[in-house]
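The values are calculated or read from the model by the stated rules, or taken from the named source; none is laboratory data. These numbers come from a predicted model, not from an experiment. Ideal geometry is used to build each Cβ from the backbone, glycine not excepted, and the neighbour counts take in all protein chains shown. Note: areas computed on protein heavy atoms with side chains; ligands, DNA, RNA excluded. Shrake-Rupley method; radii C 1.70, N 1.55, O 1.52, S 1.80 Å.
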Amino acid sequence: CRGHHRRSPGPGSHCVNHRTILTAFLSFALLIPALAFAGESPSGRNFDGKNPLGVSRGEFAATQEGMDLIYQRRYADALQHFEHMSFDFPSSPVGPIGRALVYQSEMFESYTFDRERAYETEIDEFLVRLKGAKRRGRSPEWLSFLNGVYLGVDAMYDIRKGSYLKAFDKAWDALEEMKRIARRAPEFRDVQLALGLYNYWRTVLTEAIP
């Protein structure tokens, strides 16, 4: 173990495997359903964008496409993809939260905070766009989902910085967002995965707290 994942020696102490936490981090973010889509796909996979949340199929498919690039660790391609999404879907919060996920993934892998300013800039833009999308009456379930992803990823960020109370509050709020979606759109099965993953993610992270 290195950096922020090292614990002091003591009875029962141990290090949390960095790759395990990275997997949990990415899995929490990549919870949009992968379906078949007929067309060119930069990630090598195809998605049709069908969803029960009232989101346009184009935006939904493009979101999963970008997330899949992150999962493949093709960060430069993912960053470019989410840049294009900001132009293709100018009222959507997906572009900035997607870029924030890229920066957070890079920092997490390198044990650094060298993309911190870029990450925080994208989060600021995400929150502005999220507020605007709510005013325009975009799908509340979709916006809750995106907000839950943001809260979960930012909680991981706070954990790395040692801000455990802030991280707990955000993780709890992320869980509440997912529960809200489960009540309003039970046919959105990915939220059930999110709720199950939360229990695993919480266990892994609490082991990292001194």
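Would you be able to say whether some residue in the stretch 49-70 is assigned to a loop (DSSP other than H, G, I, E, B) and within 17 Å of the chain's Cα centre (by Cα)? No: the stretch 49-70 contains no residue that is assigned to a loop (DSSP other than H, G, I, E, B) and within 17 Å of the chain's Cα centre (by Cα). Of all residue pairs spaced 6 or more apart or on separate chains, those with beta-carbon atoms under 6 Å, a first member in the stretch 97-110 that is within 17 Å of V128 (Cβ to Cβ) and a second member that is charged (D, E, K, R) are R99/E122; A100/E122. Among helices (runs of 4 or more DSSP H) entirely within the stretch 108-188, having at least 1 residues that are under 21 Å from P96 (Cβ atoms) and open to solvent by 70 Å² or more (accessible area, probe 1.4 Å) singles out 116-135, 164-184.
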